[in-house]
Every structure is written in structure tokens, then in C-alpha cells.
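The values are calculated or read from the model by the stated rules, or taken from the named source; none is laboratory data. Bear in mind that the values here come from a model prediction, so they are computed numbers and not experimental data. For neighbour counting, all protein chains shown are included, and Cβ atoms are generated from backbone atoms with ideal geometry for every residue, glycine included.
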Amino acid sequence: MAGEWILTVTAQTPTNIAVIKYWGKRDESLILPVNDSISVTLDPEHLCTTTTVAVSPSFEQDRMWLNGEEISLSGGRFQSCLREIRARATDVENKEKGIKISKKDWEKLHLHIASFNNFPTAAGLASSAAGLACLVFALGKLMNVKEDHSQLSAIARQGSGSACRSLYGGFVKWIMGKEENGSDSLAVQLADEKHWDELVIIIAVVSSRQKETSSTSGMRESVETSLLLQHRAKEVVPKRILKMEEAIQNRDFASFAGLTCADSNQFHAVCLDTCPPIFYMNDTSHRIISCVEKWNRSEEAPQIAYTFDAGPNAVLIARNRKAASLLLQRLLYYFPPSADTNMNSYVLGDKSILKDAG
Ligand code: ADP
Ligand code: DP6
Ligand code: CO
């Protein structure tokens with residue numbers, strides 16, 4: 001391994017949006033949740049993280065840059081991911097560059113990591129999910145880690161809970177698990193991206209500003225103070241998970257939409273039930289909900305599902321392309337790109353459309 005060389009790996013990982021939300025940990029350091037959750041992974045073309053990891057004997061310490069700015073790697077979460085991946089590193093040989101790294105060398109070698117999100121960071125569009133999943137995936141490739149996706153998901157979980165679900169496409173379930181060491185708290189794919197491909201996801205970025213309360217501290221406060229969270233985790237979510245799995249398998253949009261909207265609303269109710277209350281949605285978010293509810297009721301069957309993560313931005317899931325195009329027309333009419341509604345728009349592609357407040 002001696003000499004001057006550098007070996008790099010670049011990976012790209014999409015974000016995922018939960019339709020049955022994870023909100024609350026039973027173990028803070030291992031990141032073990034109080035309930036199962038289900039998400040849909042977005043099209044990697046549109047909302048994703050790109051991460052390059054590099055190793056060289058000339059690097060003196062592990063360093064990381066996020067969106068061009070250096071960030072600290074000293075936090076427990078980054079350290080957990082680095083430690084878990086390093087522990088599984090195997091021999092790497094690059095004949096072209098004449099590089100041979102043995103399993104033992106990885107303990108001494110340092111890393112430089114550069115990551116970019118092509119969508120707002122820390123604004124409620126699950127940047128931590130795409131970011132930490134991408135980091136673990138890229139490091140695993142660099143160090144020739146032989147674990148399968150579900151094992152990698154359990155490592156990504158220790159970086160950010162929602163990240164474990166970004167290792168798979170399509171519909172994904174994070175099983176909360178029972179073990180105290182977290183070994184069975186990992187993600188499984190419920191259905192791949194082709195299973196229900198008439199769905200169209202539209203993201204309305206109401207504000208790309210960084211949120212005031214991070215997901216991590218928000219859910220910690222909810223666990224400490226919200227009785228509704230306890231009820232939700234024990235009584236509500238287990239039943240919803242079963243119904244949601246059924247709705248996905250049967251491509252039953254009415255049931256899917258009902259469960260998705262109800263779960264988003266209950267998650268935000270838990271935030272309100274937290275002391276002091278946390279407000280992730282704003283007036284524009286509330287207006288979007290009212291409009292979608294009204295449109296759905298004016299049709300024979302629901303056309304649009306909405307869900308909001310820990311931020312004001314709407315994730316709208318249309319039952320098909322026709323419903324999506326009508327939704328877009330209505331959004332542009334009711335929420336024209338102006339200072340008033342705080343929404344500008346630009347079209348990114350036909351599968352997901354990002355509207356940005358700038
Ligand atoms: P979000 O709703 O965007 O997931 P969170 O509060 O959960 O917001 O997490 C935001 C944090 O996730 C950021 O402050 C940063 O620490 C981390 N993060 C976001 N993107 C990346 C990335 N690409 N690589 C590493 N960490 C990231
Ligand atoms: C509202 O995974 O960002 O997006 O585990 O503390 O990093 P940490 O939190 P994070 O929380 C996500 C919360 C959510 C719902 C979800 O993605 O299930
Ligand atoms: Co997050």
C-alpha cells in the first residue's frame with residue numbers, strides 16, 4: 001500500500017419518503033425506532049445524493065465536505081457508520097493503479113468524503129436518508145464489504161433512521177426489530193419500482209430553508225412529552241402497517257391514499273402534542289392539504305395522496321399521469337410562483353416535479 005496513490009468510489013442514492021412515518025426512538029445511540037415504517041423510494045434521477053469517497057496514504061485524517069462545505073465527522077452517527085464499515089472491510093486490489101490494500105490496512109488509512117444533495121438539505125425532504133445511505137453504500141464499495149443490502153441497511157440506520165430504507169427502490173419497510181443490539185432492525189423491500197409504476201410523485205417545495213428543529217431533536221422531544229406518540233406507536237401504527245402492505249400489494253389507491261394522508265396528519269398531530277409544540281407545516285402546507293382533500297371529495301375516488309415529513313414541503317402522490325397533470329395545473333393556478341405563496345416552480349422530469357421556493 002506504500003506510495004502516492006488515491007482510490008475513489010462514487011455512488012448515487014435516492015431519497016425516500018415515508019407513507020407510514022418513523023417518529024421516535026427506543027434507543028438513541030443504536031437508532032432503534034418505536035414503530036415499523038413504510039416508505040416509497042423516489043426516482044434517483046431527481047432527488048438524490050452523490051457521494052465520492054477517497055482513500056490515500058497521504059490523507060492524515062478522516063474529513064468530509066457536504067455541499068462544498070467541510071463538516072465535522074466527530075458525531076456518534078458518522079463514527080458508528082465508519083466503524084461498522086471498517087470492521088467489515090476486505091482486501092482490495094486495483095491492478096491498473098498497482099494498488100493492494102489488505103484488510104488490516106483499512107484500520108490505518110484515512111478517508112476524504114465529498115457529498116452533494118441535488119435538493120434542499122435539512123428541509124424535510126429526507127436529506128439525511130439519502131445522505132447516510134449513500135455514505136454507507138459508497139464506503140462499502142470502496143472497502144469491498146461483502147454484506148448484502150439488508151445488512152448495509154442496518155448500518156445506514158445507525159447514521160440516520162430513515163436512511164436504512166434508501167438502500168432499496170420501490171416500497172420499503174423498516175422492521176423495528178426486537179433485539180436490544182439492533183441486529184434485526186433493518187429494511188426489507190415490499191415491492192420493487194415496477195410494481196406500481198403508474199403512480200406519479202410530485203414534490204412541492206414550499207420552503208427550501210433549513211428547518212428550525214431537526215428530525216433527531218424533534219422526535220426526542222416527542223418521545224419525552226407526547227402521550228399521543230405512545231398511543232400511535234402501540235395502537236395505531238401496527239394496524240396501519242398491515243393495511244398499507246395490503247394496499248401496496250393490491251395497488252389499492254383509495255386505501256393507500258387514506259392511510260398515507262391519515263398517517264401524515266397524525267405525525268404532525270404528535271408534533272403539536274409535543275411540549276413545546278413543534279410546527280413543521282406552514283400556512284401553504286395547510287392550504288395544499290385543504291385543496292387536495294376538496295379535489296379528492298369532488299371525484300368518485302381519491303386521485304391524490306399527500307404526505308409531509310418534518311418540514312413544510314408537500315409530497316403529492318397521484319394515482320396516474322392524468323391525475324398528476326390535473327394536479328399540476330391546479331397547483332400552478334392556486335399556488336402560482338410568486339412571493340405570496342412562496343412557491344416557484346421548475347419541472348425536472350415527468351416522474352417527479354420539484355417546485356422550489358428559492
Ligand atoms: P432532513 O429532513 O433533510 O432529513 P434531518 O434533520 O433529518 O433533515 O437531517 C439533516 C442532516 O442530515 C444534515 O444537517 C446533515 O447532518 C445530514 N445530511 C444531509 N445530507 C447529507 C449528506 N449528503 N451526507 C451526509 N450527511 C447529510
Ligand atoms: C418525519 O431519519 O431524519 O422523515 O434517525 O434522528 O436521523 P434520525 O431522524 P430521521 O427522521 C425521519 C422522520 C420523518 C419520517 C420518516 O422518514 O419515516
Ligand atoms: Co432526516
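Miscellaneous remarks
- Being more than 16 Å from ligand 2 (Cβ to nearest atom), within 27 Å of the chain's Cα centre (by Cα) and surrounded by 13 or more Cβ atoms within 10 Å (Cβ to Cβ) holds for only one residue in Leu73, Leu111, Leu125, and it is Leu111.
- Residue within region 59-68 that is among the polar types (S, T, N, Q) and away from ligand 2 (no atom under 11 Å from the Cβ) present: yes
- Out of Gln189, Gln210, one residue alone is at pLDDT 95 or above and over 20 Å from Val34 (Cβ atoms). It is Gln189.
- Taken as a whole, the condition of being without any contact (Cβ under 8 Å) to a residue 24 or more places away in the chain and buried (at least 17 other Cβ atoms within 10 Å of the Cβ) applies to Leu152.
- Within region 117-157, considering residues that are more than 19 Å from Trp65 (Cβ to Cβ) and of a type in the set (Val, Ile, Thr), the one nearest to ligand 1 (Cβ to nearest atom): Ile155
- Residue within region 90-99 that is free of Cβ contacts under 8 Å to residues at least 60 places away in the same chain, closer than 30 Å to Glu179 by Cα and away from ligand 1 (no atom under 16 Å from the Cβ) present: yes
- Evaluation of His46 against (1) at pLDDT 95 or above; (2) over 25 Å from Glu147 (Cα atoms); (3) surrounded by 18 or more Cβ atoms within 10 Å (Cβ to Cβ); (4) away from ligand 3 (no atom under 16 Å from the Cβ) (one fails), failing number: (1)
- Residue among Leu272, Leu316, Leu328, Leu259 that alone is among the aliphatic types (A, V, I, L, M) and either more than 30 Å from Arg220 (Cβ to Cβ) or modelled with pLDDT under 95 (or both): Leu328
- Evaluating Lys104 against the criteria (1) without any contact (Cβ under 8 Å) to a residue 40 or more places away in the chain; (2) under 12 Å from the mean Cα position of the chain (by Cα); (3) more than 16 Å from ligand 3 (Cβ to nearest atom) leaves one unmet condition, (2).
- Search result, residues across region 128-168 that are within 12 Å of the chain's Cα centre (by Cα) and part of a loop (DSSP other than H, G, I, E, B): Gly159, Ser160, Tyr168
- Restricted to region 78-101, and to residues there that are in a loop (DSSP other than H, G, I, E, B) and at negative phi, the residue that is farthest from ligand 3 (Cβ to nearest atom) is Lys95.
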